[in-house]
Amino acid sequence: MDLKTQKAELKSINWDGIKSELNKLDGIENGYLTLENDNGDYIQCAGNKSMLTVEYRLNSKPNFKHYVLGKGKDKSPMKVSWIALQNNVGPIMVHKEEVLNLKDAELIFKEFYENQTIPTELNKRNVTKLHLEK
């Protein structure tokens, strides 16, 4: 697996290296990181240690699916609270339940690193349409 940070691309990284890079997230100089497997599936997070978002892309051929991950129960569209996570790449709009922290990110990244999947207890909001070429 390869890890991409705002400053570098780290090939064949181990779990300790991934955890170390997650701990550097500050939303300014280290605002995001992406962990990608050999199939092109990846998870990425952006933000800082106390407020971040994690996305998951499943690159099943010929299509792909892209999700924003969250905790808690899904809400009806009329009851969703939006949060703007400030980051050096610009504000990122997510549902309140999709604002995660470093501990959450570590669990998600470890599951992806070890099993190339995400924890089953997470919600996945499908945002694939936002990532399609127009």
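Numbers below:
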read-out: Residue match in region 44-54 (condition: touching a residue at least 60 places away in the same chain (Cβ under 8 Å) and surrounded by fewer than 20 Cβ atoms within 10 Å (Cβ to Cβ)); value: no
read-out: Some residue of region 50-60 being at pLDDT below 95, more than 14 Å from the chain's Cα centre (by Cα) and under 24 Å from LEU132 (Cα atoms); value: yes
read-out: Verdict on LEU69 being of a type in the set (A, V, I, L, M, F, W, C) and either exposed (fewer than 12 other Cβ atoms within 10 Å of the Cβ) or free of Cβ contacts under 8 Å to residues at least 40 places away in the same chain (or both); value: no
read-out: Single residue of LYS110, LYS49, LYS71 found to be more than 22 Å from GLN6 (Cα to Cα) and either in contact with a strand residue (DSSP E or B) (Cβ under 9 Å, 6 or more places away or on another chain) or not small (Gly, Ala, Ser) (or both); value: LYS71
read-out: Qualifying residue in region 100-107 (condition: of a type outside the set (Asp, Glu), farther than 23 Å from GLY17 by Cα and crowded, with 18+ Cβ neighbours inside 10 Å); value: no
read-out: Scope region 1-59; condition closer than 15 Å to GLN116 by Cβ, part of a loop (DSSP other than H, G, I, E, B) and aliphatic (A, V, I, L, M); matching residues; value: MET1, ILE13
read-out: Strands (runs of 3 or more DSSP E) within region 73-128 that include 3 or more residues farther than 19 Å from THR34 by Cβ; value: 82-85
read-out: Qualifying position, being without any contact (Cβ under 8 Å) to a residue 12 or more places away in the chain, in contact with a strand residue (DSSP E or B) (Cβ under 9 Å, 6 or more places away or on another chain), surrounded by fewer than 20 Cβ atoms within 10 Å (Cβ to Cβ) and not basic (Lys, Arg), among ALA8, ALA84; value: ALA84
read-out: LYS19 under 19 Å from HIS95 (Cβ atoms) and in contact with a helix residue (DSSP H, G or I) (Cβ under 9 Å, 6 or more places away or on another chain); value: no
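The values are calculated or read from the model by the stated rules, or taken from the named source; none is laboratory data. Since this is a predicted model, take the numbers as computed values, not measurements. Cβ atoms come from the backbone with ideal geometry, glycine included; neighbour counts cover every protein chain shown.
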